[in-house]
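Notes to accompany the following structure.
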Amino acid sequence: MKKFIAYIVKALVDHPERVLVAEIFGRSNVIIEVRCHADDMGRIIGKNGKTIGAMRMLLAGLAAKHKRKAVLEVVE
């Protein structure tokens, strides 16, 4: 899941070398944190949050395949 989100985010931003993706595992869930350059925050979030919403939906589908729940957070 980490590689999947990293691949998508790096394709969207202007500074892909500054993208950091971390996974935090729980019992039946996983939290994925994305950190990036300040100039790229808008590209990840998108207009009205549509881009991050789409990534969350894709991640939820992937997590369901592994019988987990996933949360995607963009950290400043």
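The values are calculated or read from the model by the stated rules, or taken from the named source; none is laboratory data. What you see is a predicted model, and the numbers here were worked out from it, not measured in a lab. FYI the Cβ positions are ideal-geometry reconstructions off the backbone, even for glycines, and counts take in every protein chain you see. With ligands, DNA and RNA removed, areas are computed over all heavy atoms of the protein, side chains included. Shrake-Rupley method; radii C 1.70, N 1.55, O 1.52, S 1.80 Å.
Out of everything in region 28-49 that is outside any helix (DSSP H, G or I) and within 12 Å of residue 18 (Cβ to Cβ), what residue ends up being nearest to the chain's Cα centre (by Cα)?
Checking each candidate, the answer is 34.
Residues of region 8-21 being open to solvent by less than 60 Å² (accessible area, probe 1.4 Å) and within 14 Å of residue 76 (Cβ to Cβ), which ones?
Across region 8-21, the qualifying residue is only 19.
Using the structure shown, decide if residue 54 is within 13 Å of the chain's Cα centre (by Cα) and either of a type in the set (Gly, Ala, Ser) or in a strand (DSSP E or B) (or both).
Yes.
Taking the conditions exactly as written (touching a residue at least 24 places away in the same chain (Cβ under 8 Å), touching a His at 6+ places or on another chain (Cβ under 8 Å), open to solvent by 50 Å² or more (accessible area, probe 1.4 Å) and not charged (D, E, K, R)), does residue 37 satisfy them or not?
Details: touching a residue at least 24 places away in the same chain (Cβ under 8 Å): yes; touching a His at 6+ places or on another chain (Cβ under 8 Å): yes; open to solvent by 50 Å² or more (accessible area, probe 1.4 Å): no; not charged (D, E, K, R): yes.
When the stated conditions are applied, residue 37 does not pass them.
Go through (1) over 10 Å from the mean Cα position of the chain (by Cα); (2) modelled with pLDDT of 95 or more; (3) of a type in the set (D, E, K, R) one by one and return the number of the condition residue 76 breaks.
Every listed condition holds for residue 76 apart from (2).
Applying the selection to region 40-65, what residues are of a type outside the set (Val, Ile, Thr), out of contact with any strand residue (DSSP E or B) (no Cβ under 8 Å at 6 or more places or on another chain) and in contact (Cβ under 8 Å) with a residue 24 or more places away in the chain?
Across region 40-65, the qualifying residues are 40, 43, 58.
Yes/no matrix, rows are residues, columns are (1) modelled with pLDDT under 95; (2) touching a His at 6+ places or on another chain (Cβ under 9 Å):
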residue: 19; (1), (2): no, yes
residue: 42; (1), (2): yes, no
residue: 56; (1), (2): no, no
residue: 68; (1), (2): yes, no
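Just to be sure before I move on: is residue 21 touching a strand residue (DSSP E or B) at 6+ places or on another chain (Cβ under 9 Å), at negative phi and of a type in the set (Val, Ile, Thr) in the structure I sent? Step through it out loud before you land on a result.
Details: touching a strand residue (DSSP E or B) at 6+ places or on another chain (Cβ under 9 Å): yes; at negative phi: yes; of a type in the set (Val, Ile, Thr): yes.
Judged against the criteria, residue 21 is a match.
If I ask for residues that are surrounded by 15 or more Cβ atoms within 10 Å (Cβ to Cβ) and without any contact (Cβ under 8 Å) to a residue 12 or more places away in the chain, which ones from region 22-34 would you list?
Within region 22-34, none qualify.
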